[in-house]
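Read the structure below first, then the notes.
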Amino acid sequence: MAVWRDLGRRVLDGVMPPSTLDRPVARASSIGLSAAAWGRIIFLEDPVCDGCGAPFAHDMGEGALCEVCTVRRRPIARIRAACLYDEHSRDLILQLKHADRVDLAPLFAAWLSRAAAPLTAVSDVIVPAPLHRWRLLRRRYNQAAEIARPLAARTGLAYAPDALVRRRDTGSQAGRSGAGRRRNVAGAFETPAGRRALIEGRRVLLVDDVLTTGATLEACARALRRAGAREVCAAVIARVRDRASPG
């Protein structure tokens, strides 16, 4: 039966070629992207800093850290990003974030299942970075949760979408300095008392869309650590190429 289903799907694809997620009229070449779009995305693979996930030009050895990570204590143990955040990945991510393109979420979850494999292998539960309830009401969905849910399904990890809440609306981080971003989100997140059992003593994988200064992820991680998390790591779709404060 499976053979006939596969044959039927191939015939249907020949008559009506599958569309791609980046350009609905283009023929898909791999995992939902056109060949042109796929070739432009800069995916991040080893060697990377074992702390913040920044790419290294050369293999520095297993567990190697960048200069910033060697001197700075962070609430996040390890970070991994699937790709660089640039003009080629930005449009896809913004479509998910602002244009109701939740159909892109499984694609990003597939990217993260590979990029964050070292983290999912040692994690117990996946938690998405939360939106404030008023922003969630306006947007109707949390893009981080849309990625985290299929990632949990792929990896078999527990999924706790309500283990972390944003208790005040911090507004947009865009346009703020690194210090300004950290001040803006300081104390903005917490684990509700009734959800602490999901976090206590467990290794948490925090999921978000983009890593810039790391202020939001660090604020989330501090809240999870206060709730008793044994360790917090983070996985994001993309990270900016150069950051003054990795993590």
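Some notes on this structure:
- The condition (being of a type in the set (A, V, I, L, M, F, W, C), buried (at least 16 other Cβ atoms within 10 Å of the Cβ) and within 23 Å of CYS69 (Cα to Cα)) is satisfied by just one residue among ALA223, ALA188: ALA223.
Residue-by-condition table, conditions (1) modelled with pLDDT of 95 or more; (2) outside any helix (DSSP H, G or I); (3) under 16 Å from ALA153 (Cα atoms); (4) not small (Gly, Ala, Ser):
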position: HIS88; (1), (2), (3), (4): no, no, no, yes
position: LEU92; (1), (2), (3), (4): no, no, no, yes
position: LEU96; (1), (2), (3), (4): no, no, no, yes
position: ARG114; (1), (2), (3), (4): yes, no, yes, yes
position: VAL122; (1), (2), (3), (4): yes, yes, yes, yes
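- Residue among ASP59, ASP86 that is more than 15 Å from ALA235 (Cβ to Cβ) and within 17 Å of the chain's Cα centre (by Cα): ASP86
- Scope the range 131-153; condition crowded, with 16+ Cβ neighbours inside 10 Å, within 17 Å of ILE237 (Cβ to Cβ) and not small (Gly, Ala, Ser); matching residues: LEU131, ASN142, GLN143, GLU146, ILE147, ARG149, PRO150, LEU151
- Within the range 32-67, being at pLDDT below 90 and of a type in the set (A, V, I, L, M, F, W, C) holds for LEU33, ALA35, ALA36, ALA37, TRP38, ALA57, MET60.
- Residues of the range 36-73 classified as within 15 Å of ALA115 (Cβ to Cβ), in contact (Cβ under 8 Å) with a residue 24 or more places away in the chain and either open to solvent by 90 Å² or more (accessible area, probe 1.4 Å) or assigned to a helix (DSSP H, G or I) (or both), total: 1
- LEU104 under 27 Å from ARG202 (Cβ atoms) and either assigned to a helix (DSSP H, G or I) or among the hydrophobic types (A, V, I, L, M, F, W, C) (or both): no
- For the range 204-227, the candidate set comprises residues that are hydrophobic (A, V, I, L, M, F, W, C) and assigned to a strand (DSSP E or B); within that set, the residue that is farthest from ARG239 (Cα to Cα) is VAL204.
- The residues on offer are ARG243, ARG239, ARG181, ARG176, and the sole one that is buried (at least 19 other Cβ atoms within 10 Å of the Cβ) and modelled with pLDDT under 95 is ARG181.
- Consider the range 126-153 and keep the residues that are over 14 Å from the mean Cα position of the chain (by Cα) and outside any loop (DSSP other than H, G, I, E, B). The one that is nearest to ALA223 (Cα to Cα) is ARG133.
- Of all residues in the range 79-106, those satisfying the criterion of being farther than 18 Å from THR216 by Cβ and buried (at least 20 other Cβ atoms within 10 Å of the Cβ) are CYS83, SER89, LEU92, LEU104, ALA105.
- Complete set of residues in the range 74-86 that are at pLDDT 90 or above, in a loop (DSSP other than H, G, I, E, B) and closer than 24 Å to VAL122 by Cα: PRO75, ILE76, ALA77, ARG78
The values are calculated or read from the model by the stated rules, or taken from the named source; none is laboratory data. As the structure is a computational prediction, the values presented were derived from the model and not from experiment. Glycine also receives a Cβ, built like all others from the backbone with ideal geometry; neighbour counts cover every protein chain displayed. Ligands, DNA and RNA are stripped out before the accessible areas are found, and what is left, the full protein with its side chains, is counted by its heavy atoms. Shrake-Rupley method; radii C 1.70, N 1.55, O 1.52, S 1.80 Å.
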